[in-house]
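Asker: Sharing a structure here in C-alpha cells format.
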Amino acid sequence: MQKLFVLLMLVVAVFAMQSAGAAELSAAAEATAAVKSPLCGTIWSLAPALLAIVLALIFKEVYSALFAGVVLGACFVTQFSPLETMDFVVNTGLIEGMKNTTGVFIFLVILGAFVCMINRTGATRAFGLWAQTHIKSRIGSQLATFFLGILIFIDDYFNCLAVGSVMRPVTDAKRVSRAKLAFIIDATAAPVCMIAPISSWAAAVSQYSAGTGYNGLELFIQAIPYNFYSLLALCFVVMLVLMRFDYGPMVRYERNAIMNGDVHTVQPEQAMQEETHTDTHRGKLLDLIVPVLMLIGLETFALVYVGGILEGKSFADALSATDATVGLPWGAIIALVFSVAFYRIRGVLSFRAAMRCIPKGFIAMVPAILILTLATALKNVTTALEAREFIAYHMEHSAAGLVNFLPAVIFVVAGMLAFSTGTSWATFGILIPIVVSTFDPSSPLMFIGMSACLAGAVAGDHCSPISDTTIMSSAGAQCDHLSHVSTQLPYVLTVSAVSFAAFLLAGFVHNWFIVFPLALASLLITLLVLKKRSAKAQADNA
C-alpha cells in the first residue's frame, strides 16, 4: 500500500511540474475552460479505467486504484492543470457521482437496516435451522442460492443484496466460500434480469430504444432467445455445481473453505462489520419470509408506480418508463416501515432496537457505498473523455461491411465498453441506437444484433471490478471485492468465449433453436475437458 501511494504522489507531482512549467495556473485554468482536451474521443480516453483495473489487480486494493483512475482522467480532461484537475475530481467526479447514485445509496442503507433487523429477530437463525434440516449438502446450498437468485428477477441490486443476506448463513454452514457465493449471486443477478421482461433492466432497454421506431419491450422480448451469454451463464452455474468442479483462483478459496472451514481466505472489511448479534431467539421462519415477500411486492409496485401505472399506463409501459433509482428506495422505505410494525406486533423486536438497526445497516454498507462512489466518479471522467463515443464510432465505421459477422463484433465491442466503463446501462444507451440503425428491420439479424449488444454488456459488466453489479455481489456475499473479481474472471471468460462462437454461428444460422443447443453442448464439453485436465494435473502433482 505504501508503495502505491508513493507512486500516486509521484505521478501527481510530475503532472504538477509539467503544468507549472508550461504556464501560470490562472492562464492554464482559462485555457482548460475554453479548449477541449485533444485526448477526448481518442484511445487515451480508455486509459483511466484501464489504470484503475490494472492497479486494483496488481496491488489487491480497490479504493486507491479507483481514485488513481479518476485523477488520471481529470488530468487528461483539464490538460494537466493542477487547480482545474482538483476541481474536476471533486465536483464532476465525486460530487456528481454521489448525486447520480443517491437513490442507490438510500436503497443500500435501507437494505442494510432490513438485513440487520432480520438478524436481530433471530429469523436468520431460524432459517439456518430450517436449512440444516432441508438443505443437507454443499451442492444443495449452492443450488438453493441459484434458484433464489432466479426468483428475485425484478432488479439486480435487490437480487444481489437480498440473496446474499438470506443465503450467507446457509452456505457458511455448508463450507461454501464467500467467493463462490458471490459468483453465484453475480451470475444470477444481471443475467436473469436480462432475460426477464418484468425487470428494471428490461425497462432500461426499453427506455434506450425509445425514438428508434421500435417498441422497446417487444424488441427486448424477441431478443431473449439469442441472449446467449445470459442463458449460458445460468446454465454454467448449474453445471459447475453439479460437477463439483472449480478451476482458476476459485480452487484455493473453495479448498480452504472445505478443509479449514475458512469461507473468506482473504479477510474482507465487510466480514469484520458483519452483523451477527441476535437480540432474541423468538424469531421464526415466518419473520424472514413475510418481510422479504413484502419487500419484493412493494418494490414491484414502486417501480410501476414511478413509471406511471396509476396514470393509465399498462404494467409493461409503466415498467418501461420507470426510474429504478427512484422506485427502489421508494419501495424499500415503505417495506422498512411495515417490517418494523410487523416485528413489533409479533413481539420479536422492539421499536428502539429496530431504530438502532438503521445506523448499523449504514455502517455495513459503507465499503460498498465508497466503492460505488469512486466507480461512478470514474464513469463520469470517462464520459467527459468521450470514451463511449470513441468505441461507438469505431464500431459503427469498421463493422458496416461485415454483415453476418456483426453480432459477434457487437458482442465484443459491448463487452469492451462495459468492461472499461463498468456499466451495462451506459453501454445500452450508446450502442442500441447504433444497432437499430445498422440492421435491416425485416432481417432476423436485427434481434440477434440486439441480443449481442445486451449479452456483451452483461459479460463486460461481469469482468469489470468497477461494475456496480459486481460491487453489489461482493457486498451481498460479504466477500472481499477483489477476491470476487479474480475468482469470477476465468468463469466469465469461459462463458464469453462460447457465447462469441454462438454469435458467430447465429450470424449465418438465424435460428436460436439450432444455435443455443450447440452452444450449450460446447459449454458442457469445455467444462468436461477442463475437469479432466485439472484431475490429471492434480494426479501429476501428487
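Asker: When residues of region 47-64 are filtered for being at pLDDT 80 or above and closer than 21 Å to L417 by Cβ, how many remain?
Answerer: Within region 47-64, residues that are at pLDDT 80 or above and closer than 21 Å to L417 by Cβ number 3.
Asker: Does V495 meet the test of being over 29 Å from A182 (Cβ atoms) and either part of a helix (DSSP H, G or I) or at pLDDT 90 or above (or both)?
Answerer: Spelling it out, it is not the case that V495 is over 29 Å from A182 (Cβ atoms) and either part of a helix (DSSP H, G or I) or at pLDDT 90 or above (or both).
Asker: Going through region 243-267 one residue at a time, which ones are out of contact with any Lys or Arg (no Cβ under 6 Å at 6 or more places or on another chain), in a helix (DSSP H, G or I) and among the aliphatic types (A, V, I, L, M)?
Answerer: M250, V251, M259
Asker: Now for a separate question. Taking the condition in a helix (DSSP H, G or I), more than 16 Å from the chain's Cα centre (by Cα) and modelled with pLDDT of 95 or more, does L528 pass?
Answerer: no
Asker: Taking region 71-109 as the region of interest, how many residues are over 26 Å from E386 (Cβ atoms), aliphatic (A, V, I, L, M) and surrounded by 24 or more Cβ atoms within 10 Å (Cβ to Cβ)?
Answerer: Adding up the residues that qualify gives 1.
Asker: Does region 249-261 hold any residues that are small (G, A, S) and surrounded by fewer than 17 Cβ atoms within 10 Å (Cβ to Cβ), and which are they?
Answerer: Matches in region 249-261: G261 only.
Asker: Here's a follow-up. Restricting to region 432-478, and then to whatever is open to solvent by 10 Å² or more (accessible area, probe 1.4 Å) and of a type in the set (G, A, S), can you tell me which residue is farthest from the chain's Cα centre (by Cα)?
Answerer: By that ranking, first place goes to S442.
Asker: Out of the residues in region 214-242 meeting the condition of being open to solvent by 40 Å² or more (accessible area, probe 1.4 Å) and either polar (S, T, N, Q) or within 14 Å of M450 (Cα to Cα) (or both), tell me which one is modelled with the highest pLDDT.
Answerer: It comes out as Q222.
Asker: Only one residue in A182, A189, A210 is at pLDDT below 90 and under 19 Å from the mean Cα position of the chain (by Cα), so which one is that?
Answerer: Going through A182, A189, A210 in turn, the sole match is A189.
Asker: Let me spell it out: the conditions are (1) assigned to a loop (DSSP other than H, G, I, E, B); (2) crowded, with 22+ Cβ neighbours inside 10 Å, and A364 meets all of them except one. Which number is the exception?
Answerer: Going through (1) assigned to a loop (DSSP other than H, G, I, E, B); (2) crowded, with 22+ Cβ neighbours inside 10 Å one by one, A364 breaks only (1).
Asker: Something else now. Tell me, yes or no, whether region 503-512 has at least one residue that is buried (at least 16 other Cβ atoms within 10 Å of the Cβ), under 25 Å from L219 (Cβ atoms) and either in contact with a Lys or Arg (Cβ under 8 Å, 6 or more places away or on another chain) or of a type in the set (F, W, Y) (or both).
Answerer: yes
Asker: Also: Do we find that G93 is in contact with a helix residue (DSSP H, G or I) (Cβ under 8 Å, 6 or more places away or on another chain), under 30 Å from F351 (Cα atoms) and not hydrophobic (A, V, I, L, M, F, W, C) in this structure?
Answerer: When the stated conditions are applied, G93 does not pass them.
Asker: For region 513-542, how many residues meet the condition of being open to solvent by 60 Å² or more (accessible area, probe 1.4 Å), of a type in the set (A, V, I, L, M, F, W, C) and under 15 Å from F228 (Cβ atoms)?
Answerer: Adding up the residues that qualify gives 4.
Asker: So, one more: I'd like the full set of residues that are among the charged types (D, E, K, R) and open to solvent by less than 10 Å² (accessible area, probe 1.4 Å), limited to region 130-155.
Answerer: Matches in region 130-155: D155 only.
Asker: Next up: Give the residues of region 58-70 that are touching a helix residue (DSSP H, G or I) at 6+ places or on another chain (Cβ under 8 Å) and either in a helix (DSSP H, G or I) or buried (at least 24 other Cβ atoms within 10 Å of the Cβ) (or both), sorted by residue number.
Answerer: F59, V62, Y63, S64, A65, L66, F67, A68, G69, V70, listed by residue number.
Asker: Then there is this: If you check R168 against the conditions, is it open to solvent by 40 Å² or more (accessible area, probe 1.4 Å) and at pLDDT 85 or above?
Answerer: Here the answer is no, as R168 does not meet what is asked.
Asker: Still on this structure: For V412, which of the numbered conditions (1) surrounded by fewer than 24 Cβ atoms within 10 Å (Cβ to Cβ); (2) more than 22 Å from the chain's Cα centre (by Cα); (3) within 30 Å of D440 (Cβ to Cβ); (4) modelled with pLDDT of 80 or more fails to hold?
Answerer: The one condition V412 does not meet is (2).
The values are calculated or read from the model by the stated rules, or taken from the named source; none is laboratory data. What you see is a predicted model; the values in this text were computed from it and never measured. Ideal geometry is used to build each Cβ from the backbone, glycine not excepted, and the neighbour counts take in all protein chains shown. Only protein heavy atoms, including side chains, enter the accessible area calculation; ligands, DNA and RNA are left aside. Shrake-Rupley method; radii C 1.70, N 1.55, O 1.52, S 1.80 Å.
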